[in-house]
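Chemist: Structure incoming, see below.
The values are calculated or read from the model by the stated rules, or taken from the named source; none is laboratory data. Here the structure is a predicted model, which means the values were calculated and not measured. For neighbour counting, all protein chains shown are included, and Cβ atoms are generated from backbone atoms with ideal geometry for every residue, glycine included. Ligands, DNA and RNA are excluded from the accessible area calculation, which covers all protein heavy atoms including side chains. Shrake-Rupley method; radii C 1.70, N 1.55, O 1.52, S 1.80 Å.
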Amino acid sequence: TRRRPDFALMDREREALARLCALVDGMPLALELAAAWVETLSVTEIATEVQRDLGLLQSDLADLPERHRSLRAVWDATWERLDAAEQEAFARLCVFRGGFNRTAAESIAGVTLGKLGRLTGRFLVSMSRSTGRYRIHELLRQYGWRMLDSTAAEETHRRHFDYFARSAEAQEARMHGPEQADVLRHFDVEVDNYDLALEWSLSRRAWGDFLHLLDGIHWYWRIRSRITLANSWTERAMALTGRSPEEEARLLLHAGHFVWMRGSFELARDRQLASLAIWRQLRRGDSLDAAIVAEHLAMALDGLGDATAAARARAEALTGFRAHGATWWTAFNLSKSAIDHLDAGDRPASIAAANEHVQLVAQLGDLWLFGLGRTHLAGIAWRAANYARARPLSEEALPA
(Lines give C-alpha, C1' and ligand atoms only; values in the text may rest on other atoms or scores of the structure.)
Protein backbone atom coordinates (compact mmCIF):
# COMPACT_ATOMS: atom_id res chain seq x y z
CA THR A 1 0.00 0.00 0.00
CA ARG A 2 3.00 2.36 0.35
CA ARG A 3 3.64 1.84 -3.34
CA ARG A 4 0.01 2.11 -4.40
CA PRO A 5 -2.46 3.41 -1.77
CA ASP A 6 -5.47 2.15 -3.71
CA PHE A 7 -4.10 -1.41 -3.95
CA ALA A 8 -6.55 -4.13 -2.95
CA LEU A 9 -5.72 -7.82 -3.12
CA MET A 10 -8.18 -9.75 -5.27
CA ASP A 11 -9.36 -13.14 -4.00
CA ARG A 12 -8.00 -14.80 -7.12
CA GLU A 13 -4.53 -13.40 -6.33
CA ARG A 14 -4.26 -14.74 -2.79
CA GLU A 15 -2.69 -18.01 -3.92
CA ALA A 16 -0.14 -16.12 -6.03
CA LEU A 17 0.76 -13.87 -3.08
CA ALA A 18 1.28 -16.92 -0.87
CA ARG A 19 3.49 -18.43 -3.60
CA LEU A 20 5.50 -15.21 -3.84
CA CYS A 21 6.02 -15.07 -0.06
CA ALA A 22 7.13 -18.71 -0.04
CA LEU A 23 9.43 -18.13 -3.01
CA VAL A 24 11.30 -15.31 -1.28
CA ASP A 25 11.04 -17.06 2.09
CA GLY A 26 9.48 -13.96 3.64
CA MET A 27 12.67 -11.93 2.97
CA PRO A 28 11.69 -8.29 3.71
CA LEU A 29 13.99 -6.76 1.09
CA ALA A 30 12.74 -9.17 -1.58
CA LEU A 31 9.11 -8.39 -0.76
CA GLU A 32 9.78 -4.67 -0.85
CA LEU A 33 11.49 -4.96 -4.24
CA ALA A 34 8.66 -7.15 -5.56
CA ALA A 35 6.07 -4.63 -4.34
CA ALA A 36 7.69 -2.00 -6.56
CA TRP A 37 6.08 -3.74 -9.54
CA VAL A 38 2.45 -3.51 -8.41
CA GLU A 39 1.83 -0.51 -10.63
CA THR A 40 2.89 -2.50 -13.70
CA LEU A 41 2.12 -6.17 -13.04
CA SER A 42 -0.53 -8.19 -11.25
CA VAL A 43 0.46 -10.18 -8.16
CA THR A 44 0.24 -13.38 -10.22
CA GLU A 45 2.55 -11.94 -12.87
CA ILE A 46 5.03 -10.74 -10.24
CA ALA A 47 5.21 -14.23 -8.67
CA THR A 48 5.74 -15.84 -12.08
CA GLU A 49 8.44 -13.36 -13.10
CA VAL A 50 10.30 -13.61 -9.78
CA GLN A 51 10.45 -17.38 -10.14
CA ARG A 52 11.81 -16.96 -13.66
CA ASP A 53 14.21 -14.04 -13.28
CA LEU A 54 15.98 -12.56 -10.26
CA GLY A 55 16.47 -9.36 -12.23
CA LEU A 56 12.90 -8.36 -11.43
CA LEU A 57 13.88 -7.78 -7.80
CA GLN A 58 15.71 -4.51 -8.22
CA SER A 59 14.86 -0.86 -7.77
CA ASP A 60 16.12 2.53 -8.89
CA LEU A 61 14.67 4.34 -5.89
CA ALA A 62 17.08 7.03 -4.73
CA ASP A 63 16.17 6.57 -1.06
CA LEU A 64 17.53 3.02 -1.00
CA PRO A 65 21.26 2.42 -0.35
CA GLU A 66 23.04 1.14 -3.47
CA ARG A 67 23.68 -2.27 -1.89
CA HIS A 68 19.92 -2.68 -1.19
CA ARG A 69 18.64 -1.75 -4.63
CA SER A 70 18.63 -5.37 -5.80
CA LEU A 71 18.99 -8.83 -4.31
CA ARG A 72 21.76 -9.42 -6.84
CA ALA A 73 23.74 -6.54 -5.36
CA VAL A 74 23.32 -8.00 -1.87
CA TRP A 75 24.41 -11.44 -2.99
CA ASP A 76 27.23 -10.15 -5.18
CA ALA A 77 28.75 -8.58 -2.10
CA THR A 78 28.36 -11.84 -0.15
CA TRP A 79 29.79 -13.89 -3.03
CA GLU A 80 32.90 -11.71 -3.24
CA ARG A 81 33.66 -12.41 0.41
CA LEU A 82 33.94 -16.17 -0.27
CA ASP A 83 37.23 -17.72 -1.28
CA ALA A 84 37.41 -19.73 -4.53
CA ALA A 85 36.84 -23.11 -2.82
CA GLU A 86 33.80 -21.80 -0.94
CA GLN A 87 32.39 -20.27 -4.11
CA GLU A 88 32.62 -23.56 -5.99
CA ALA A 89 31.24 -25.55 -3.06
CA PHE A 90 28.24 -23.28 -2.70
CA ALA A 91 27.55 -23.13 -6.44
CA ARG A 92 27.58 -26.93 -6.73
CA LEU A 93 25.21 -27.26 -3.76
CA CYS A 94 22.76 -25.10 -5.67
CA VAL A 95 21.99 -28.09 -7.92
CA PHE A 96 19.69 -29.44 -5.19
CA ARG A 97 16.00 -28.67 -5.13
CA GLY A 98 13.97 -28.98 -1.96
CA GLY A 99 17.03 -29.41 0.23
CA PHE A 100 19.63 -32.12 0.76
CA ASN A 101 21.35 -34.18 3.41
CA ARG A 102 25.01 -34.35 4.36
CA THR A 103 25.67 -37.57 2.42
CA ALA A 104 24.23 -36.16 -0.81
CA ALA A 105 26.21 -32.93 -0.39
CA GLU A 106 29.48 -34.83 -0.19
CA SER A 107 28.63 -37.40 -2.89
CA ILE A 108 27.30 -34.93 -5.46
CA ALA A 109 28.94 -31.61 -4.74
CA GLY A 110 32.07 -32.80 -2.94
CA VAL A 111 31.21 -30.59 0.01
CA THR A 112 32.52 -31.86 3.35
CA LEU A 113 30.95 -31.26 6.73
CA GLY A 114 33.53 -28.56 7.41
CA LYS A 115 32.62 -26.63 4.26
CA LEU A 116 28.92 -27.03 5.05
CA GLY A 117 29.58 -25.56 8.47
CA ARG A 118 31.37 -22.55 7.01
CA LEU A 119 28.61 -21.89 4.47
CA THR A 120 26.00 -22.25 7.21
CA GLY A 121 27.96 -19.79 9.34
CA ARG A 122 27.77 -17.29 6.49
CA PHE A 123 23.98 -17.79 6.34
CA LEU A 124 24.15 -19.10 2.76
CA VAL A 125 22.91 -22.53 3.83
CA SER A 126 20.50 -23.32 6.67
CA MET A 127 20.14 -26.58 8.55
CA SER A 128 17.06 -28.02 10.26
CA ARG A 129 18.03 -29.59 13.57
CA SER A 130 14.86 -31.68 13.61
CA THR A 131 15.51 -33.35 10.23
CA GLY A 132 19.24 -32.88 9.68
CA ARG A 133 18.52 -31.54 6.20
CA TYR A 134 20.12 -28.49 4.65
CA ARG A 135 18.45 -25.98 2.38
CA ILE A 136 19.30 -22.91 0.34
CA HIS A 137 16.81 -20.10 -0.17
CA GLU A 138 15.30 -20.63 -3.64
CA LEU A 139 16.30 -17.24 -5.05
CA LEU A 140 19.80 -17.58 -3.62
CA ARG A 141 19.97 -21.09 -5.09
CA GLN A 142 19.17 -19.68 -8.53
CA TYR A 143 21.88 -17.04 -8.09
CA GLY A 144 24.53 -19.56 -6.99
CA TRP A 145 23.76 -21.99 -9.79
CA ARG A 146 24.30 -19.26 -12.39
CA MET A 147 27.78 -18.69 -11.00
CA LEU A 148 28.85 -22.22 -11.97
CA ASP A 149 30.42 -22.62 -15.40
CA SER A 150 28.69 -24.88 -17.92
CA THR A 151 31.23 -27.73 -17.70
CA ALA A 152 31.05 -27.89 -13.90
CA ALA A 153 27.24 -27.57 -14.04
CA GLU A 154 26.91 -30.52 -16.42
CA GLU A 155 29.24 -32.63 -14.30
CA THR A 156 27.27 -31.77 -11.15
CA HIS A 157 23.98 -32.61 -12.86
CA ARG A 158 25.39 -35.97 -13.94
CA ARG A 159 26.50 -36.76 -10.39
CA HIS A 160 23.13 -35.59 -9.05
CA PHE A 161 21.31 -37.88 -11.46
CA ASP A 162 23.53 -40.89 -10.72
CA TYR A 163 23.11 -40.43 -6.97
CA PHE A 164 19.32 -40.26 -7.09
CA ALA A 165 19.03 -43.04 -9.67
CA ARG A 166 21.00 -45.33 -7.35
CA SER A 167 18.89 -44.14 -4.43
CA ALA A 168 15.62 -44.81 -6.27
CA GLU A 169 16.80 -48.30 -7.21
CA ALA A 170 17.73 -49.05 -3.59
CA GLN A 171 14.43 -47.66 -2.30
CA GLU A 172 12.40 -49.58 -4.89
CA ALA A 173 13.97 -52.81 -3.64
CA ARG A 174 12.57 -52.01 -0.17
CA MET A 175 9.22 -50.68 -1.39
CA HIS A 176 7.25 -53.93 -1.29
CA GLY A 177 8.08 -55.07 2.22
CA PRO A 178 7.97 -54.07 5.89
CA GLU A 179 10.09 -50.93 5.29
CA GLN A 180 7.53 -49.47 2.89
CA ALA A 181 6.54 -46.55 5.15
CA ASP A 182 10.18 -45.42 5.44
CA VAL A 183 10.59 -45.65 1.66
CA LEU A 184 7.51 -43.52 1.04
CA ARG A 185 8.75 -40.90 3.48
CA HIS A 186 12.10 -40.83 1.67
CA PHE A 187 10.41 -40.09 -1.65
CA ASP A 188 8.14 -37.52 0.00
CA VAL A 189 11.17 -35.61 1.24
CA GLU A 190 13.24 -35.92 -1.95
CA VAL A 191 10.47 -35.50 -4.52
CA ASP A 192 11.92 -32.24 -5.87
CA ASN A 193 15.35 -33.78 -6.39
CA TYR A 194 13.81 -36.75 -8.21
CA ASP A 195 11.89 -34.33 -10.43
CA LEU A 196 15.16 -32.57 -11.25
CA ALA A 197 16.84 -35.87 -12.12
CA LEU A 198 13.95 -36.81 -14.39
CA GLU A 199 14.07 -33.37 -16.01
CA TRP A 200 17.81 -33.59 -16.68
CA SER A 201 17.67 -37.06 -18.27
CA LEU A 202 14.55 -36.31 -20.31
CA SER A 203 15.97 -33.03 -21.62
CA ARG A 204 18.90 -35.02 -23.02
CA ARG A 205 16.68 -37.85 -24.26
CA ALA A 206 18.88 -40.20 -22.26
CA TRP A 207 16.21 -42.88 -22.40
CA GLY A 208 18.13 -45.53 -20.51
CA ASP A 209 18.72 -43.13 -17.61
CA PHE A 210 15.19 -41.75 -17.66
CA LEU A 211 13.53 -45.17 -17.68
CA HIS A 212 15.86 -46.53 -15.00
CA LEU A 213 14.77 -43.72 -12.70
CA LEU A 214 11.14 -44.14 -13.75
CA ASP A 215 11.30 -47.82 -12.78
CA GLY A 216 12.49 -46.84 -9.32
CA ILE A 217 9.89 -44.15 -8.65
CA HIS A 218 6.86 -45.79 -10.34
CA TRP A 219 5.39 -47.43 -7.25
CA TYR A 220 5.86 -44.34 -5.10
CA TRP A 221 3.62 -42.47 -7.52
CA ARG A 222 1.12 -45.35 -7.55
CA ILE A 223 0.89 -45.85 -3.81
CA ARG A 224 0.77 -42.14 -3.04
CA SER A 225 -1.70 -41.61 -5.93
CA ARG A 226 0.50 -38.91 -7.47
CA ILE A 227 -1.52 -39.22 -10.68
CA THR A 228 -1.02 -35.72 -12.06
CA LEU A 229 2.73 -35.78 -11.44
CA ALA A 230 3.16 -39.25 -12.94
CA ASN A 231 1.13 -38.42 -16.03
CA SER A 232 3.01 -35.19 -16.60
CA TRP A 233 6.28 -37.09 -16.87
CA THR A 234 5.08 -40.06 -18.90
CA GLU A 235 3.09 -37.95 -21.34
CA ARG A 236 6.03 -35.60 -21.89
CA ALA A 237 8.20 -38.62 -22.60
CA MET A 238 5.64 -40.15 -24.96
CA ALA A 239 5.66 -36.95 -27.02
CA LEU A 240 9.38 -37.39 -27.75
CA THR A 241 11.11 -39.91 -30.02
CA GLY A 242 14.41 -41.72 -30.36
CA ARG A 243 13.79 -44.78 -28.19
CA SER A 244 14.86 -48.34 -28.92
CA PRO A 245 12.07 -50.97 -29.17
CA GLU A 246 12.80 -52.19 -25.64
CA GLU A 247 12.76 -48.64 -24.28
CA GLU A 248 9.47 -48.03 -26.09
CA ALA A 249 7.94 -51.13 -24.50
CA ARG A 250 9.07 -50.04 -21.03
CA LEU A 251 7.74 -46.52 -21.44
CA LEU A 252 4.41 -47.78 -22.77
CA LEU A 253 3.98 -49.84 -19.59
CA HIS A 254 4.46 -46.78 -17.36
CA ALA A 255 2.41 -44.46 -19.56
CA GLY A 256 -0.38 -47.04 -19.83
CA HIS A 257 -0.49 -47.58 -16.10
CA PHE A 258 -0.82 -43.91 -15.21
CA VAL A 259 -3.54 -43.16 -17.76
CA TRP A 260 -5.32 -46.18 -16.24
CA MET A 261 -5.09 -44.42 -12.88
CA ARG A 262 -6.91 -41.40 -14.30
CA GLY A 263 -9.63 -43.63 -15.78
CA SER A 264 -8.55 -43.63 -19.45
CA PHE A 265 -9.03 -47.38 -19.76
CA GLU A 266 -9.15 -47.61 -23.55
CA LEU A 267 -5.85 -45.75 -23.95
CA ALA A 268 -4.36 -47.82 -21.14
CA ARG A 269 -5.41 -51.02 -22.94
CA ASP A 270 -3.95 -49.86 -26.25
CA ARG A 271 -0.62 -48.93 -24.69
CA GLN A 272 -0.28 -52.23 -22.85
CA LEU A 273 -1.18 -54.17 -26.00
CA ALA A 274 1.48 -52.21 -27.91
CA SER A 275 4.04 -52.93 -25.19
CA LEU A 276 3.20 -56.64 -25.18
CA ALA A 277 3.51 -56.76 -28.98
CA ILE A 278 7.03 -55.32 -28.79
CA TRP A 279 8.14 -57.86 -26.18
CA ARG A 280 6.87 -60.63 -28.41
CA GLN A 281 8.63 -59.17 -31.46
CA LEU A 282 11.82 -59.14 -29.40
CA ARG A 283 11.21 -62.84 -28.63
CA ARG A 284 10.75 -62.00 -24.97
CA GLY A 285 7.08 -62.80 -24.69
CA ASP A 286 7.80 -65.17 -21.80
CA SER A 287 9.88 -62.61 -19.86
CA LEU A 288 8.94 -61.09 -16.52
CA ASP A 289 8.56 -57.74 -18.30
CA ALA A 290 5.89 -59.24 -20.58
CA ALA A 291 4.09 -60.82 -17.61
CA ILE A 292 3.95 -57.44 -15.85
CA VAL A 293 2.50 -55.85 -18.98
CA ALA A 294 -0.12 -58.62 -19.16
CA GLU A 295 -1.10 -57.83 -15.55
CA HIS A 296 -1.54 -54.16 -16.41
CA LEU A 297 -3.50 -55.12 -19.51
CA ALA A 298 -5.87 -57.10 -17.31
CA MET A 299 -6.41 -54.02 -15.14
CA ALA A 300 -7.29 -51.93 -18.20
CA LEU A 301 -9.68 -54.60 -19.46
CA ASP A 302 -11.33 -54.71 -16.04
CA GLY A 303 -11.91 -50.99 -16.36
CA LEU A 304 -13.52 -51.51 -19.77
CA GLY A 305 -15.83 -54.18 -18.32
CA ASP A 306 -14.36 -57.03 -20.41
CA ALA A 307 -14.13 -59.56 -17.58
CA THR A 308 -13.42 -62.56 -19.82
CA ALA A 309 -10.45 -60.95 -21.58
CA ALA A 310 -9.18 -59.55 -18.28
CA ALA A 311 -9.23 -62.99 -16.67
CA ARG A 312 -7.36 -64.44 -19.63
CA ALA A 313 -4.65 -61.76 -19.45
CA ARG A 314 -4.37 -62.16 -15.68
CA ALA A 315 -3.96 -65.94 -16.00
CA GLU A 316 -1.17 -65.38 -18.57
CA ALA A 317 0.50 -62.94 -16.20
CA LEU A 318 0.29 -65.35 -13.25
CA THR A 319 1.95 -68.09 -15.27
CA GLY A 320 4.82 -65.72 -15.98
CA PHE A 321 5.13 -64.59 -12.37
CA ARG A 322 5.33 -68.17 -11.12
CA ALA A 323 7.88 -69.09 -13.79
CA HIS A 324 10.14 -66.21 -12.71
CA GLY A 325 9.62 -66.64 -8.97
CA ALA A 326 8.15 -63.13 -8.72
CA THR A 327 6.55 -63.46 -5.28
CA TRP A 328 5.26 -59.91 -4.95
CA TRP A 329 3.65 -59.92 -8.40
CA THR A 330 2.15 -63.35 -7.70
CA ALA A 331 0.56 -62.00 -4.51
CA PHE A 332 -0.64 -58.89 -6.34
CA ASN A 333 -2.28 -61.03 -9.01
CA LEU A 334 -3.93 -63.63 -6.79
CA SER A 335 -6.50 -61.48 -5.01
CA LYS A 336 -7.98 -60.53 -8.39
CA SER A 337 -7.54 -64.04 -9.78
CA ALA A 338 -9.68 -65.23 -6.88
CA ILE A 339 -12.48 -63.01 -8.22
CA ASP A 340 -11.93 -64.36 -11.76
CA HIS A 341 -12.35 -67.94 -10.52
CA LEU A 342 -15.49 -66.97 -8.63
CA ASP A 343 -16.94 -65.39 -11.79
CA ALA A 344 -16.16 -68.61 -13.65
CA GLY A 345 -18.07 -70.65 -11.04
CA ASP A 346 -14.95 -72.33 -9.65
CA ARG A 347 -15.31 -71.65 -5.92
CA PRO A 348 -12.53 -74.07 -4.79
CA ALA A 349 -10.02 -72.34 -7.10
CA SER A 350 -11.17 -68.95 -5.81
CA ILE A 351 -10.65 -70.01 -2.19
CA ALA A 352 -7.21 -71.48 -3.02
CA ALA A 353 -6.11 -68.25 -4.76
CA ALA A 354 -7.37 -66.12 -1.88
CA ASN A 355 -5.61 -68.26 0.71
CA GLU A 356 -2.33 -68.20 -1.20
CA HIS A 357 -2.59 -64.43 -1.54
CA VAL A 358 -3.04 -64.05 2.24
CA GLN A 359 -0.03 -66.30 2.94
CA LEU A 360 2.24 -64.45 0.53
CA VAL A 361 1.26 -61.00 1.79
CA ALA A 362 1.97 -62.11 5.37
CA GLN A 363 5.38 -63.28 4.17
CA LEU A 364 6.13 -60.03 2.33
CA GLY A 365 4.92 -57.54 4.93
CA ASP A 366 3.71 -55.05 2.30
CA LEU A 367 1.10 -52.87 4.04
CA TRP A 368 -0.28 -51.34 0.83
CA LEU A 369 -0.71 -54.76 -0.81
CA PHE A 370 -2.31 -56.03 2.39
CA GLY A 371 -4.94 -53.28 2.16
CA LEU A 372 -5.53 -53.82 -1.56
CA GLY A 373 -5.93 -57.55 -1.14
CA ARG A 374 -8.26 -57.21 1.85
CA THR A 375 -10.44 -54.90 -0.26
CA HIS A 376 -10.69 -57.52 -3.02
CA LEU A 377 -11.39 -60.34 -0.53
CA ALA A 378 -14.09 -58.25 1.16
CA GLY A 379 -15.70 -57.86 -2.26
CA ILE A 380 -15.73 -61.65 -2.70
CA ALA A 381 -17.35 -62.12 0.71
CA TRP A 382 -19.92 -59.41 0.01
CA ARG A 383 -20.89 -61.04 -3.30
CA ALA A 384 -21.45 -64.29 -1.44
CA ALA A 385 -23.71 -62.38 0.99
CA ASN A 386 -21.22 -63.27 3.75
CA TYR A 387 -21.46 -59.85 5.37
CA ALA A 388 -20.07 -61.10 8.66
CA ARG A 389 -16.85 -61.87 6.78
CA ALA A 390 -16.90 -58.83 4.47
CA ARG A 391 -17.03 -56.28 7.28
CA PRO A 392 -13.86 -57.32 9.19
CA LEU A 393 -11.95 -57.63 5.90
CA SER A 394 -12.97 -54.09 4.99
CA GLU A 395 -12.03 -52.84 8.45
CA GLU A 396 -8.62 -54.51 8.16
CA ALA A 397 -8.05 -52.68 4.85
CA LEU A 398 -8.78 -49.21 6.28
CA PRO A 399 -5.56 -48.65 8.33
CA ALA A 400 -3.45 -49.88 5.41
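Chemist: To the nearest 20 debye, what is the magnitude of the charge dipole of segment 272-340 about its Cα centre, counting +1 on the Cβ of each Lys and Arg and -1 on the Cβ of each Asp and Glu?
Modeler: Numbers: 7 positive and 7 negative charges, 39 e Å.
With only Lys, Arg, Asp and Glu charged at Cβ, the dipole is about 180 debye.
Chemist: Could I ask something else about it? Which one of Gln180, Leu113, Gly99 has its Cα pushed farthest toward the positive end of the charge dipole of segment 98-182, where Lys and Arg give +1 and Asp and Glu give -1 at the Cβ?
Modeler: About the Cα centre, the residue reaching furthest to the positive side is Leu113.
Chemist: Heavy-atom accessible area of Lys115 with all protein chains present, probe 1.4 Å, nearest 10 Å²?
Modeler: 60 Å²
Chemist: Can you figure out the FRET efficiency of Ala352 with Arg204, using R₀ = 41 Å and their beta-carbon distance, to the nearest 0.05? Let's see the in-between values first.
Modeler: Values: r = 49 Å, r/R0 = 1.21.
So the FRET efficiency works out to roughly 0.25.
Chemist: If you plug each phi of segment 89-105 into the Karplus form 6.51 cos²θ - 1.76 cosθ + 1.60 with θ = phi - 60°, what whole-Hz ³J(HN,Hα) values come out, in order, with x for Gly and Pro?
Modeler: 4, 5, 4, 5, 5, 6, 5, 6, 10, x, x, 7, 10, 4, 4, 5, 4
Chemist: Going by amide H atoms built from the backbone, whose H comes under 5 Å of the H on Ala344, apart from near neighbours?
Modeler: Counting only residues 5 or more places away or on other chains, the set is empty.
Chemist: Ignoring ligands, DNA and RNA, please state the percent of accessible area on segment 129-233 from carbon and sulfur, probe 1.4 Å.
Modeler: On the way: 2150 of 4510 Å².
C and S fraction of accessible area: 48 percent.
Chemist: Give me the accessible area of Met261, 1.4 Å probe, in Å² rounded to the nearest 10.
Modeler: Met261 exposes around 40 Å² with every protein chain in place.
Chemist: What relative contact order, as a whole-number percentage, does segment 94-194 give when Cα pairs under 8 Å and 6 or more residues apart are counted? Don't skip to the answer; put the middle values down first.
Modeler: Numbers: 75 pairs, mean separation 35.7, N = 101.
Relative contact order for segment 94-194 comes out at 35 percent.
Chemist: Using unit Cβ charges (K, R positive; D, E negative) and no other charged atoms, how large, in debye to the nearest 20, is the dipole of segment 169-223 about its Cα centre?
Modeler: On the way: 5 positive and 11 negative charges, 36 e Å.
It works out to roughly 180 debye.
Chemist: Can you run phi through the Karplus equation (6.51, -1.76, 1.60; θ = phi - 60°) for segment 173-178 and list ³J(HN,Hα) in whole Hz, with x for Gly and Pro?
Modeler: After applying 6.51 cos²θ - 1.76 cosθ + 1.60, I find 5, 9, 5, 9, x, x Hz.
Chemist: With all protein chains present, how much of the accessible area of segment 243-400 (probe radius 1.4 Å) comes from carbon and sulfur, to the nearest whole percent?
Modeler: Values: 4050 of 7360 Å².
Carbon plus sulfur share of accessible area: 55 percent.
Chemist: Taking θ = phi - 60°, what integer Hz values does the Karplus form 6.51 cos²θ - 1.76 cosθ + 1.60 yield along segment 126-136, in sequence order, with x for Gly and Pro?
Modeler: So the Karplus estimates, Gly and Pro as x, are 10, 10, 8, 5, 6, 10, x, 9, 9, 8, 10 Hz.
Chemist: With the dipole of segment 145-237 worked out from charges on the C-beta (+1 for Lys and Arg, -1 for Asp and Glu) around the Cα centre, which of Thr234, Gly208, Leu196 lies farthest toward the positive end?
Modeler: Checked the options; the winner is Thr234.
Chemist: So how much accessible area does Ser275 have, in Å² to the nearest 10, using a 1.4 Å probe?
Modeler: About 0 Å², ignoring ligands and nucleic acids.
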